[in-house]
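S.K.: This is the structure, below, for whatever I ask next.
The values are calculated or read from the model by the stated rules, or taken from the named source; none is laboratory data. None of these values were measured; they are calculated from a predicted model. A quick note on method: Cβ atoms are made from the backbone with ideal geometry, for glycine too, and the neighbour counts reach across all protein chains shown. Note: accessible area is taken over every heavy atom of the protein model, side chains too, but ligands, DNA and RNA are not part of it. Shrake-Rupley method; radii C 1.70, N 1.55, O 1.52, S 1.80 Å.
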Amino acid sequence: DMPESWRHGRFCDLLFQILVHALGPNHSVGKDNFVYFNASKPKRCLAPDGFVKLDVKQELFDSWKTWLSGTPELCVEILSPSDTKEKLTLKTKLERYRELGARELLVFNSDAPKGKRLRAWDRIRHDLVERVINNEVTPCVTLRAHWVIAAGKDLPAALRVADDPSGQELWLTGEEDALRREQDALRREQGALHEVERLRALLAKKR
């Protein structure tokens, strides 16, 4: 198997940073950790590119055992077949995600044609059922948000989360959030300076 490419790593890192920053310390976020769901068959496991377990505090962990920490509600697979081969086929992974018991599965295929890069499955009773996706936007049921494809650092099109289906209110990484705050502060400062100049001009006219 080919090692993970720089591009695939950036896709995964971006999503991880977004989820960690948005969800905070009271929910667990994993990235490329082995998830074990059958204690009697440890080789039957998964390594999602991203996963979320709600209401379990974030800690440092190398692997995730569902019988100790619970089943992740949300799992994400990021595919980039042109530069990073997968050990397991998507069909095999789907079988294991059914057994895992995840409620929501999202697959982003960066190499698929535009319009077909997102796929999603929801748990209905004891099965994972694929949902219909239009315009590469679909709800993130677990997080009460939306999956969208938008630019990220060094990536013109990446998997992201937004409050709105148009992708205008993106969830940000910590770095993006700090930059936005800095830009907002600069705009406020510039606005204040312009107001001072305007008032000075008015006073000058009155003299």
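S.K.: Being open to solvent by 50 Å² or more (accessible area, probe 1.4 Å) and in contact with a helix residue (DSSP H, G or I) (Cβ under 7 Å, 6 or more places away or on another chain) is true for just one of ASP177, ASP163, ASP111, ASP154. Which residue is that?
M.R.: So the residue among ASP177, ASP163, ASP111, ASP154 that is open to solvent by 50 Å² or more (accessible area, probe 1.4 Å) and in contact with a helix residue (DSSP H, G or I) (Cβ under 7 Å, 6 or more places away or on another chain) is ASP154.
S.K.: Here's a follow-up. Would you call THR84 in contact (Cβ under 8 Å) with a residue 24 or more places away in the chain and open to solvent by 20 Å² or more (accessible area, probe 1.4 Å)?
M.R.: no
S.K.: Name the single residue that is farthest from SER80 (Cα to Cα) among those in the range 145-198 being over 15 Å from the mean Cα position of the chain (by Cα) and among the hydrophobic types (A, V, I, L, M, F, W, C).
M.R.: VAL196
S.K.: I've got another one for you. Pick out the one residue from LEU46, LEU128 that is farther than 19 Å from ASP32 by Cα and touching a helix residue (DSSP H, G or I) at 6+ places or on another chain (Cβ under 6 Å).
M.R.: LEU128
S.K.: Continuing with this model, one more query. Any chance you could count how many residues in the range 145-186 are at pLDDT 85 or above and part of a helix (DSSP H, G or I)?
M.R.: 8
S.K.: Return the pairs, sorted by first residue and then second, in which the second residue is in a loop (DSSP other than H, G, I, E, B), the first residue lies in the range 61-73 and is of a type in the set (S, T, N, Q), the beta carbons are less than 6 Å apart, and the residues are 6+ apart or on different chains.
M.R.: What qualifies is SER63/ASN33; THR66/PHE37; SER69/VAL56; THR71/GLY101.
S.K.: In the range 6-21, how many are over 18 Å from PRO81 (Cα atoms) and either more than 10 Å from the chain's Cα centre (by Cα) or open to solvent by less than 20 Å² (accessible area, probe 1.4 Å) (or both)?
M.R.: Residues that pass the stated criteria total 5.
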